[in-house]
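A.B. asks: The structure that follows is given in the form of structure tokens.
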Amino acid sequence: MLSNITGAEAKSQPLSSKRKFLVLIDYDNIDSQLRDKEMAFDFAGLMLELIKLGKVKHAFLFIPFESYYGLENINNLGYEIIICQKTDRLSDSDKREDKVDSRIQLITASFLEYDEITDIVILTHDKHSIETASEAIKAGKKITYFAMKDKMAKQLLDFLKKYKMEVKELPTKNRY
């Protein structure tokens with residue numbers, strides 16, 4: 001699916017035929033933390049880093065509808081955008097919740113049975129990803145998180161420590 005996304009750059013990278021990635025990005029969760037630092041997520045940087053380690057089979061960007069604008073061309077880098085509706089429930093901060101977490105769980109569950117996927121890459125600071133990661137562990141998948149450790153939920157940090165999961169720094173660039 002993503003073999004041509006970075007052209008000459010991808011061809012110059014060594015390709016491990018063993019690791020095959022499913023990438024799951026909770027975009028608003030990541031972007032809100034980076035926005036405070038006037039940074040932006042580097043989509044191409046993530047792909048280049050993963051291509052060095054193996055092959056990205058599927059990469060999903062989960063976003064609420066209002067976050068779509070400005071991301072229209074992200075498909076050119078190999079990401080598939082999944083638009084997630086808002087619910088009628090309010091979060092702790094009195095904002096309407098989106099269905100990003102439940103959509104991530106649903107998509108992940110549909111891929112866990114495939115031996116062709118060896119690794120699940122999760123980009124979020126959200127404790128709701130624990131259920132997704134737990135299911136992936138049960139299915140024998142290796143889990144890697146990309147996040148800012150200082151922004152991760154305590155429950156998520158405890159979970160990562162318990163299972164000795166890797167947390168890599170988010171690839172970023174200047175927002176402006």
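The values are calculated or read from the model by the stated rules, or taken from the named source; none is laboratory data. No experiment lies behind these values; they were computed from the predicted model shown. Here the Cβ positions follow ideal geometry from the backbone for every residue, glycine too, while neighbour counts run over all protein chains shown.
A.B. asks: Out of segment 15-50, which residues are among the acidic types (Asp, Glu), in contact with a helix residue (DSSP H, G or I) (Cβ under 8 Å, 6 or more places away or on another chain) and either surrounded by fewer than 17 Cβ atoms within 10 Å (Cβ to Cβ) or farther than 18 Å from Phe111 by Cβ (or both)? Break it down into steps so the answer makes sense when it comes.
C.D. replies: Looking only at segment 15-50, we keep the residues that are among the acidic types (Asp, Glu), and these are 26, 28, 31, 36, 38, 42, 49.
Adding the requirement that they be in contact with a helix residue (DSSP H, G or I) (Cβ under 8 Å, 6 or more places away or on another chain) leaves 26, 28, 31.
Asp28, Asp31, listed by residue number.
A.B. asks: Please find, within segment 113-151, the residue that is surrounded by the most Cβ atoms within 10 Å (Cβ to Cβ) out of those that are part of a loop (DSSP other than H, G, I, E, B) and touching a strand residue (DSSP E or B) at 6+ places or on another chain (Cβ under 8 Å). Outline the logic, then answer.
C.D. replies: Step one: list which residues in segment 113-151 are part of a loop (DSSP other than H, G, I, E, B), which gives 113-118, 124-128, 139-141, 148.
The next check asks that each one be touching a strand residue (DSSP E or B) at 6+ places or on another chain (Cβ under 8 Å); those that pass are 116-118, 124-126, 141, 148.
Details: Glu116: 9, Ile117: 19, Thr118: 18, Thr124: 28, His125: 21, Asp126: 22, Lys141: 19, Met148: 16.
This residue is Thr124.
A.B. asks: Would you confirm, using the coordinates I've provided, whether Tyr176 is aromatic (Phe, Trp, Tyr), modelled with pLDDT of 95 or more and closer than 22 Å to Phe43 by Cα?
C.D. replies: no
A.B. asks: I need the full set of residues from segment 120-162 which are closer than 23 Å to Glu49 by Cα, more than 12 Å from the chain's Cα centre (by Cα) and among the acidic types (Asp, Glu), in order please.
C.D. replies: Passing the criteria: only Asp150.
A.B. asks: A further question on this structure: Checking Ala153 against (1) more than 17 Å from Leu24 (Cα to Cα); (2) out of contact with any Asp or Glu (no Cβ under 7 Å at 6 or more places or on another chain): exactly one of these is not met. Which one?
C.D. replies: Only one criterion is unmet by Ala153, namely (2).
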